[in-house]
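This report refers to the structure that appears directly beneath it.
The values are calculated or read from the model by the stated rules, or taken from the named source; none is laboratory data. This structure is a prediction, so every number in the text was calculated from the model and none was measured. Cβ placement follows ideal geometry from the backbone for every residue including glycine, while neighbour counts extend to all protein chains displayed. Accessible surface areas use protein heavy atoms only, side chains included; no ligands, DNA or RNA. Shrake-Rupley method; radii C 1.70, N 1.55, O 1.52, S 1.80 Å.
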Amino acid sequence: MFDACSHLQRLLQHCVGPTVFSSSSLSFFFFFSLLLPAFSITVVLFYFIFSTGDITQKGYEKKRAKLLAPYIIHTPRNHAPPPSSSSRYRERRTRRTHRSGGTRDDRYRSDIHTEAVQAALAKHKEEKMALPMPTKRRSTYVQSPIETRTPPDSSSGSEDETAVRRQSSVVAPQPQVNPNLQSPESWVNHIVQGSSTSSSASSTLSQEAKPQPQTHSENSAPPPDVTTLKQCSNVLSLCVVGCVTVYLSLLLPLSTFTLPVGVPVSSRVSTKIQQLLNTLKRPKRPPLSDFFTDDAEEIVEVPQPDPNTPKPEGRQIIPVKGEPLGVVSNWPPALQAALARWGATQGKSPALTALDITGKPLYTLTYGKLWSRSVKLAYTLLNKLGTKNEQILKPGDRVALVYPNSDPGMFWVAFYGCLLAEVIPVPIEVPLSRKDAGISQVGFLLGSCGVGLALTSEICLKGLPKTPTGEILQFKGWPRMKWVITDSKYLTKPSKDWQPHIPTANTDPAYIEYKANKEGTVVGVAVSKVAMLTHCQSLTQDSVCIIHYTKLYFGETLVNVLDFKKDMGLWHGVLTAVMNRIHTISVPYAVMKACPLSWVQRVHIHKARVALVKCRDLHWAMMAHREQRDISLASLRMLIVADGANPWSVSSCDAFLNKFQSHGLKPEVICPCATSPEAMTVAIRRSGVPGAPLPARAILSMGGLSHGVIRVNTEDKNSALTVQDVGHVMPGALMCIVKPDGPPQLCKTDEIGEIIINSRAGGNMYYGLPGLTKNTFEVIPVNANGVPIGEIPFVRSGLLGFVGPGSLIFVVGKIEGLLMVSGRRHNADDLVATALAVEPVKTVYRGRIAVFSVTVFYDERVVIVAEQRPDASEEDSFQWMSRVLQAIDSIHQVGLYCLALVPANTLPKTPLGGIHISDTKQFFLEGNLHPCNILMCPHTCVTNLPKPRQKQPVGVGPASVMVGNLVAGKRIAQAAGRDLGLIEDQDLVRKHQYLTEALQWRAQTDPDHVLYILLNAKGVTVGTATCVQLHKRAEKIAAALTEKGSINTGENVVLLYPPGIDLIAAFYGCLYAGCVPVNVRPPHPQNLAATLPTVRMIIDVSASACILTTQNLMRTLRSKEAAASVNVKTWPTIIDTDDLPRRRPPQIYKPPTAEMIAYLDFSVSTTGMLTGVKISHAAVSALCRSIKLQCELYSSRQIAICLDPYCGLGFVLWCLASVYSGHQSILIPPFELETSLSLWLSTLSQYRIRDTFCSYSVMELCTKGLGTQTDLLKARGVNLSCVRSCVVIAEERPRLALTHSFSKLFKDVGLSSRAVSTAFGSRVNLAICLQGTTGPDPCTVYVDMKSLRHDRVRLVERGAPQSLPLMESGKILPGVRVIIVNPETRGPLGDSHLGEIWVNSPHSASGYYTIYGEESLQADHFNTKLSFGDPHTLWARTGYLGFVKRTELLDASGDRHDALFVVGSLDETLELRGLRYHPIDIETSVSRAHRSIAESAVFTWTNLLVVVSELCGSEQDALDLVPLITNVVLEEHHLIVGVVVIVDPGVIPINSRGEKQRMHLRDSFLADQLDPIYVAYNM
């Protein structure tokens, strides 16, 4: 959206006239629209006309007329203004709503709990927040295909959907909570039996009150604060007339107008970035207590607790005891015995009725059939699965039951058949594919339980995924399974003398129920036979189904909508029902999706006495109520709400009662209950028991609940949570409330804790997991002193709640839904409820929202992921997300870390349609979520960053630092190479101190010695140069310069050549003619527009009088394509050197002094600055001598060079070193590797090269392109065992990961791991370090990154947290001295500090050729002195930070080796929060964040950190990168990313040396020239 302002300008100029709007006025208009609500709507609408793609001229005119009608059409006052587009939109919405009043989508609309959200959002008078919307390509927003989307009706198919329905409350400010402890009775609001319990809020967010206009100065309005997500109350909201008035006043030129933050409007910075920056200047809330950062290690401390935080003040809770379990004389000794009794005595009584997909009865299973089929299955399992002598199954083995939800009869037979065979059933869901949500975790369950056999039906087996050979697919993580079909025709009828053994219930496991914990791990809860029997008895007693086990209630009908394989669907709908000979009607989930009222119809038709439902089913039936009115629920004695423990279930219960009370539904039959897999049924409300207390409700403060305490609130408060009781403790059980974390300490009476149960009717263990079992099933509560209160073990239920008056149990949430953020507890269901209360919910599907927390930077961060509707626009989505942020921040006082919207039907689902939370979280963390809209808000929720570093006052001078280092025993950080001296060819040095003399001498003494060999892509020699050939070629060029160019001595001449021998000859030709050569990279013929201006700039800056080049390049310089980029008529004299006459110059120029300039070295630094340095003849000779001595280069040696020969050490090695030392150089142009990757390595092997020089670009090209082809290279005979030294030439920190990868990959072809090393040079000194042939190998150290940010060096062990590996940058060259200096005080530093590298050397550059007139930099960079210590030595400042470490290794002279480590460029460091960061460190972390990140670069704009990442994968992955990049930078570098930019590969500019041009990237970003895939603005 960077170009929104330019779009607006073009549109208004088209409508009003081209002379009315100036660029500055439009910029001010765009900014002012952020402050005025009406203008913000207008600007956004303007933008979306142009952002939705191409439109026809007619459509364009129509939209333009709509948008500009209120402003440019002046109507008389007595006429009504034309309706705006927004009003028309509302009219169309109204008409559509009336037409579609009975559609399926409206069934899932809920008006519950909107008033509190409205009150929270009422403070924000603007309908649209002034937040910068993300910039996105159209192709990035890809919805799922329409045929694969789930229709709107299935959006509510969540088994936990009712968790999001919230109790309404009246808008009112929240008073301070009374700190005094209040009586328990005041928590509870007793409800008169039969009364209506709550009313739904009917108002929506669209009905906000209009703010009154105020008079205000335009300049006084503060910028919008996106870090708070709250707009100030005094933001103007003007009427239409006022808008027109201000609008016309903005037409005046305002070029001198300045924004409140001092940034001129005419700045090229995009409005959106400026807006984001303005808002970040204001803190979200009053600052918290500072976090102290230790000098040695950053420690993030928990802030001091707020003294106003509510604390529990009640007495310690006393365990609550349930009523005694009744003794029944004729109670069966086991569950199987009850089935045997009914099968023999009541064989024709119906046990189960299954429904088809239309809701009609499919079949009825009688108790006789259930018994006979179960016996047949038991006989088959024990006698017919293996051989006669060895059966597969034995009593006690575990067996998986795999049956679909639509076939309850087969499951009932299988379950009771396993019980009769005394094998342990493990019911699981039917696997549909290898990619099912949680499929591998189910495999973990089967493995931990030792399951090797699965029972299923024939139809289900046919539907399982198969391999091409027809075998059942091996699911991920599953053990090998044997599948057995349990249809009747496959079972064997037992002999008459065979009867199943039915022992008395004991403590052996009866069955195993699966349970998924918060992390997604699936475990099996083992339930013993006696526990299962006792649980049925307690349910029978507590539910008043059968009080005395008489025939009083035999034959009742029960409607079960729950999953019959687990939880209450199994306990009530199967086990207890069979125990009491109840007729169960099973309503599968598929029927509920097709006909939500089907269960109500079944109750009406069968006069059912009991119904098992969830709040979801109540809501669905209520929404579909109008479809059928002639129904009666008067027969219901118990309406058991399985998830009644959910705090938000009360609203669904109330709404259902209000709807169906007129149909005979009695209020007292609604029975919410609380259950968990471990403790089974914890509590259930009794129905109509004489003397039982009335249902109760507690209205609690959410603020108190977040601190774990109970505080009273009234229903007219925004942050009130109304919860209903779930009855009493089950008969025969003992219950306590303990703290949910830490030791199981008993809570106080006004404290929220975890419910733990001691009962015979509960789970026994996690099967096969003894460690987890002890922590859950063997809990001994302790008092405040840590003393156990007894020896009775309790079981953790995973439910959070408290005990109210009358020992009623209240549940406020679950452990698995608990989010601990900054020490406060938040319930995921509460956050979902608030999000869905932001009306209108036209953006996301109800029931398809996942809320979870991720650990980022020492705290939990809240993430919300929702499925977006296909018809939702990007503006609607962004608007909804913005308002959700406001609502949650206001109501829950917690900031959201990330809010993501994904395409419809893409989140992982549970078998019953709910969202699989743990898999969704895993997808989010792995970058596989593929959102279509995302909003990151780290600025609002990350409040525990380390304290910013404060700059120390300059009270301690450099002398004190030096003395302190000496006292501490630390030496001054300095090092030096060996003395240069006079090497063996001292006559050559003495007589020929110029390269021209050296070349002439070699042409005379050894004319046929080959100095250079040039190879092409095929490895064929295309050019050679002997000493005499190079000399004569240089003479021809010198003559041409004198004659054709009329060049005078000392004038600059540009050399424009591709890498080759022509470049070398032209260089020496210039020296022969007395000219100063300026080597320039030629422009790229396919990209003249980008590369030719740089050539022109260097020519102009160097004031060159002539250009030496080839014929092809000369034609390019004068071509029409070149004329489009530069003025080709003003080129200096161009001389073609391809065909020169055989002439010799009158004389070869000899400089009068060695301090004369030999050549100019121009280069573009990584900061984007073009600099040229002057290299004298003395420096050239000293540098060549130093390289010769370090690398032992002689006439008999041969080296290979694969470098760009245009600047720095690459130019020296390519053109100068061979002439001086006499060795033979094999030249390999790097661009040839693009067509032949193996050219360089093959050349090393073919010529048996011992020493080679390359760039990081070449090494990276070989690593990526040839890393997987080492076997092929071996087959071609490539052998790199001859390579002794492979030196990477660069002006940066060594890329340790790349060099290590290169060494490891090509180890198979003989490359020694010790061969690869690096060199280091800078602008002021082209070669400071270069690994030689002698001396120790390069060493690697690990430094602490936290200390490095404080400019300190602390060595740590490999693998230590926050450790950074650094490799030595080569050996210091002979004649070079370096010292580490504080760049601010210019005093020397000790070994333990990071500082700027200063160098003293005879081959340092003489100075900058031009720096645009700033001559002060000349002395500061090239001839500077220390402020203390040695005040006489002149040093050159490299501009790089590093340190010196004395190692235990010995150099050639026997002294301990001093290693120089380069950390990074001083100009590129990022000063953030008072600390110094190096971009390469952040970029390395970002590149590891996701597999689709090819390259990344970071920079800052003021205090905003911008990360640009290249996406090498699908554009669908673009938005996945935003949270991962934010996470990794926050975790590893303690920084908040302000902007994340996702771009195409190749967008990040990289120079020929492989160095990123970050400042060029920054300029392109601010000028909106990147064409990004996606730009995310982190709030």
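Can you tell me which residue within the range 822-858, out of those that are modelled with pLDDT of 90 or more and out of contact with any helix residue (DSSP H, G or I) (no Cβ under 8 Å at 6 or more places or on another chain), is surrounded by the fewest Cβ atoms within 10 Å (Cβ to Cβ)?
Going through the qualifying residues, I end up with Thr855.
Search the range 311-338 for residues that are over 30 Å from Gly753 (Cβ atoms) and pair each with any residue that is assigned to a loop (DSSP other than H, G, I, E, B) and among the β-branched types (Val, Ile, Thr) when their beta-carbon atoms are under 6 Å apart and the residues are at least 6 apart or on different chains.
These pairs meet every condition: Pro333/Thr504; Ala334/Ile502; Gln336/Ile502; Ala337/Ile502.
Testing Pro1152 on (1) open to solvent by 60 Å² or more (accessible area, probe 1.4 Å); (2) at pLDDT below 90, one condition comes back false. Which one is that?
If we test Pro1152 against (1) open to solvent by 60 Å² or more (accessible area, probe 1.4 Å); (2) at pLDDT below 90, just (2) comes out false.
Which of the residues spanning the range 996-1027 are part of a helix (DSSP H, G or I) and of a type in the set (D, E, K, R)?
Glu997, Arg1002
When residues of the range 907-942 are filtered for being open to solvent by 60 Å² or more (accessible area, probe 1.4 Å) and not hydrophobic (A, V, I, L, M, F, W, C), how many remain?
Going through the range 907-942 one residue at a time, the tally reaches 4.
The rows are residues; the columns are (1) in contact with a helix residue (DSSP H, G or I) (Cβ under 8 Å, 6 or more places away or on another chain); (2) open to solvent by less than 70 Å² (accessible area, probe 1.4 Å); (3) among the basic types (Lys, Arg).
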residue	(1), (2), (3)
Val320	yes, yes, no
Ser329	no, no, no
Leu335	yes, yes, no
Leu339	yes, yes, no
Lys348	yes, no, yes
Lys360	no, no, yes
Tyr363	yes, no, no
Ala400	yes, yes, no
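Within the range 1255-1341, considering only helices (runs of 4 or more DSSP H) that don't extend past its boundaries, which have at least 3 residues that are of a type outside the set (Ser, Thr, Tyr) and buried (at least 16 other Cβ atoms within 10 Å of the Cβ)? Let's see the steps before the verdict.
Values: elements: 1256-1266, 1270-1275, 1296-1305.
Hits in the range 1255-1341: 1256-1266, 1296-1305.
Keeping to the range 560-569, report how many residues are surrounded by fewer than 24 Cβ atoms within 10 Å (Cβ to Cβ) and not in a loop (DSSP other than H, G, I, E, B).
So the count comes out to 2.
Which one is nearest to Arg869 (Cα to Cα) among residues in the range 943-952 that are open to solvent by 20 Å² or more (accessible area, probe 1.4 Å) and touching a residue at least 40 places away in the same chain (Cβ under 8 Å)?
Checking each candidate, the answer is Thr943.
Name the residues in the range 1342-1357 that are hydroxyl-bearing (Ser, Thr, Tyr) and open to solvent by 30 Å² or more (accessible area, probe 1.4 Å), would you?
Tyr1342, the sole residue that qualifies.
Starting from the range 849-871, take each residue that is closer than 12 Å to Val884 by Cβ and part of a loop (DSSP other than H, G, I, E, B) and list its partners that are open to solvent by 10 Å² or more (accessible area, probe 1.4 Å) and acidic (Asp, Glu), counting only C-beta distances under 9 angstrom and pairs at least six apart or across chains.
Going by the 9 Å Cβ cut-off, there are no qualifying pairs.
Could you look through the range 1048-1084, keep only residues that are of a type in the set (D, E, K, R) and under 56 Å from the mean Cα position of the chain (by Cα), and pick out the one that is least open to solvent (accessible area, probe 1.4 Å)?
Only one residue tops the list, namely Asp1062.
With among the aliphatic types (A, V, I, L, M), at pLDDT 85 or above and either under 36 Å from the mean Cα position of the chain (by Cα) or over 16 Å from Val613 (Cβ atoms) (or both) as the only criterion, which of Ile640, Ile699 stands out?
Ile699
So, Ser1163, is that one buried (at least 19 other Cβ atoms within 10 Å of the Cβ) and at pLDDT 90 or above or not?
Here the answer is no, as Ser1163 does not meet what is asked.
Can you run down the residue pairs with Cβ atoms below 9 Å, 6 or more apart or on separate chains, where the first is in the range 583-602 and within 27 Å of Gly368 (Cβ to Cβ) and the partner is modelled with pLDDT of 90 or more and basic (Lys, Arg)?
Hits for this filter: Ile585/Arg602; Val587/Arg602.
Go through (1) closer than 24 Å to Gly1168 by Cβ; (2) over 46 Å from the mean Cα position of the chain (by Cα) and name the single condition Leu1088 misses.
(2)
Given (1) touching a Lys or Arg at 6+ places or on another chain (Cβ under 9 Å); (2) touching a residue at least 60 places away in the same chain (Cβ under 8 Å); (3) open to solvent by less than 20 Å² (accessible area, probe 1.4 Å); (4) at negative phi, identify the lone condition not met by Leu1504.
(1)
State which residue pairs qualify: first residue within 14 Å of Val578 (Cβ to Cβ) and inside the range 362-391, second residue open to solvent by 70 Å² or more (accessible area, probe 1.4 Å) and in a helix (DSSP H, G or I) in any location, beta carbons under 8 Å apart, and separation of 6 or more residues or different chains.
Short answer, once both residue conditions are applied: Trp371/Ala344.
Condition first: outside any helix (DSSP H, G or I) and out of contact with any strand residue (DSSP E or B) (no Cβ under 7 Å at 6 or more places or on another chain). Can you find one or more residues in the range 338-345 that meet it?
Within the range 338-345 (the criterion being outside any helix (DSSP H, G or I) and out of contact with any strand residue (DSSP E or B) (no Cβ under 7 Å at 6 or more places or on another chain)), the answer is no, since none of the residues qualifies.
Any idea which residue in the range 455-504 is least open to solvent (accessible area, probe 1.4 Å), counting only those that are assigned to a helix (DSSP H, G or I) and touching a Pro at 6+ places or on another chain (Cβ under 9 Å)?
Looking at residues that are assigned to a helix (DSSP H, G or I) and touching a Pro at 6+ places or on another chain (Cβ under 9 Å), I get Cys460.
Does Met735 satisfy the condition of being open to solvent by 40 Å² or more (accessible area, probe 1.4 Å) and either of a type in the set (A, V, I, L, M, F, W, C) or not in a loop (DSSP other than H, G, I, E, B) (or both)? Walk me through how you get there before you give the answer.
Working: open to solvent by 40 Å² or more (accessible area, probe 1.4 Å): no; either of a type in the set (A, V, I, L, M, F, W, C) or not in a loop (DSSP other than H, G, I, E, B) (or both): yes.
Against the criterion (open to solvent by 40 Å² or more (accessible area, probe 1.4 Å) and either of a type in the set (A, V, I, L, M, F, W, C) or not in a loop (DSSP other than H, G, I, E, B) (or both)), Met735 does not qualify.
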